[in-house]
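Participant: Just passing along the structure, written as structure tokens.
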Amino acid sequence: MRRLVAALAVLAFFTSFSRAAPNIGSATAIEKDVRGESDGRTAKIGVGDAVYADEVLSTGAESRGRFVFDDRTDLQLAPSSRVKLDKFVYSNDKTAVFSATKGALRFISAPAVHKDYEVRTPNATIGVRGTSFAVRVRLGRTDAVLYDGVIEVCPIGGGACRTLDTPCTFVTVANGGATAPAALGSGDWSFDDSCKVPGRRAGETPPLAPTTPPPATPASTASPIDWSGPSFGFDAGTGVGGGEFADPVPMNGAAFLGGLRFGYSFALTKEIIAGFETDASYRSDLGGGSNGHAQASSARGGYFGTARIRLGYAFDRLLVYGTGGLAYGHIIAPRSFSGYNVIAAPYTYGTNRENPFLPGWTVGAGAQFAITDNVSVRAEYLYAKLQHYLPLYDTNTSPLPYATCTVSALHSIRVGVNYGFSLKDLLSIATPR
């Protein structure tokens, strides 16, 4: 029983503590990041969320908030602002105090409510008597602009108070006191443009009013990228053997490919792009294979390259193309082999004596995407087949080298980065200023 009583007492304590900061209004419009801080805790505020007495409201860069309190007082915060709801009492004194430490706010007091409102800044106190006005705290000064009603602005450090009772007038408070009231000019700060637009009543434009988006620009099928001109880049990827050796034994292992490419493109139309390019890559050792009764070791590494034409179609920044032309590279033949029925019926093993450089042909396709006007990324597939060749092998069955038929073929998939110079770039470089 005692434990139950103690638990109820603790619950009552925290309940009374949570009610020490009453709900005094809610958020009616929020743009981006607006937060509330109370009792050392900070939380993001959304439309419809309650705000409390003694809470600190803050807006991030490019963020704004609008709050309506229970007595219909309207408070609007500009980006990068911070305001504390210091005092909001509905008892006999009917007092509301707001402390603005940075940024800008617009205040519209509750209609037909007799209440003392006060806005405090680091160097000024603004007394409000049924009105609409704006305040900005910036670089050690306070700017106060009146839209409607009456406000009294008093410097905290001393000096005469200033009364604003004419719409679209303002004062500035700095270390030297408050300036004399003056009419708002075109170069003076205001929370909105209501004092600067003819025929508009001061203070009537809400800062969170929706704006009309500009009309959409019709989509164009033409490519905005100039694909014409020279380019260079590098590629990396993998090559998989597609050839065979002797019996035949498949040469279907994989190898690394990496190298450089150079090219030149022509825009036949805005969408149809033609050109030529050449590339040279290093190929690592390519794994061998087996046919069940004989096996081949890996082929020596070497070089692989092409010289091709290509023809493509540009979809905005994406270029898809087909390509074909000449290929060249080192033979894809095993360093050694062993097994039955490779070059003779008995068990035979042999060692390669040469690694010739062979011509061939290639065909493939790819896609290229322009990240900027000059930089693009690409992915490409090529099939290449080199000239048939009979490399010499020293074997255990013959005192003389044995020539063995070899088909060198390669499937390659590579990705790369290109840098292109458009014709406009070349002309700008070639033309003296």
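Participant: Label 7 Å along Cα→Cβ of S338; the range 246-263 residues with amide nitrogen under 18 Å?
Facilitator: Once the point is set 7 Å along Cα→Cβ of S338, 247, 249-250 turn out to lie under 18 Å by backbone N, inside the range 246-263.
Participant: Further question: Please count, across the range 20-183, the pairs of lysine residues with Cα atoms under 14 Å apart that sit 8 or more places apart or on different chains.
Facilitator: Details: K32/K44; K84/K102; K87/K115; K94/K115.
Taking the Cα cut-off of 14 Å, the pair count is 4.
Participant: Would you please put 243-255, 149-161 in order of how densely packed they are, using the mean number of other Cβ atoms within 10 angstrom per residue and starting with the highest? Walk me through the numbers before you get to the answer.
Facilitator: Values: 243-255: 20.5, 149-161: 16.5.
The densest-packed peptide leads the list: 243-255, 149-161.
Participant: When a/c reaches 1.5 or more, the comparison of a/b and b/c decides; with that in mind, is the range 20-183 rounded, prolate or oblate per its Cα gyration tensor? Kindly include the intermediate steps, with their values, before the conclusion.
Facilitator: Values: a/c = 1.74, a/b = 1.40, b/c = 1.24.
Prolate, since a/c reaches 1.5 and a/b exceeds b/c.
Participant: Can you sort L105, L75 from fewest to most other Cβ atoms within 10 Å of each residue's own Cβ? Walk me through the numbers on the way to the answer.
Facilitator: Numbers: L105 25, L75 22.
In increasing order of surrounding Cβ atoms, one gets L75, L105.
Participant: While we're here: Taking the Cα centre of the range 20-183 as origin, sum charge times position over the Cβ atoms of Lys and Arg (+1) and Asp and Glu (-1), and report the length of that vector in debye to the nearest 20.
Facilitator: On the way: 20 positive and 19 negative charges, 81 e Å.
In debye, rounded to 20, the range 20-183 gives about 380.
Participant: Per 0.36 nm of contour for each residue apart, how much would the distance between A254 and D394 grow if the chain were fully extended, relative to their Cα-Cα spacing?
Facilitator: Values: separation 140, 0.36 × 140 = 50.40 nm, distance 2.56 nm.
Between A254 and D394, full extension yields 47.8 nm more.
Participant: Let me ask something additional. How far apart, in nm, are two points set 7 Å out from the Cα along the Cα-to-Cβ line at H411 and at F266?
Facilitator: 3.4 nm
Participant: Placing unit charges on C-beta atoms (Lys and Arg positive, Asp and Glu negative, everything else neutral), compute the dipole magnitude of the range 23-68 about its Cα centre in debye, rounded to 20. Can you show the working numbers first?
Facilitator: Values: 6 positive and 8 negative charges, 30 e Å.
Around 140 debye, computed over the range 23-68.
Participant: Take the alpha carbon gyration tensor of the range 229-430, find the square roots of its eigenvalues, order them as a ≥ b ≥ c, and report rounded if a/c is under 1.5; if not, report prolate when a/b exceeds b/c, else oblate. Show your work: numbers first, answer last.
Facilitator: Values: a/c = 3.30, a/b = 3.00, b/c = 1.10.
The shape class here is prolate.
Values in this text are rule-based calculations from the coordinates and carry no lab data. It should be emphasised that the depicted structure is a prediction, and the values quoted were computed from it without experimental measurement. We place every Cβ from the backbone using ideal geometry, glycine too, and count neighbours over all the protein chains shown.
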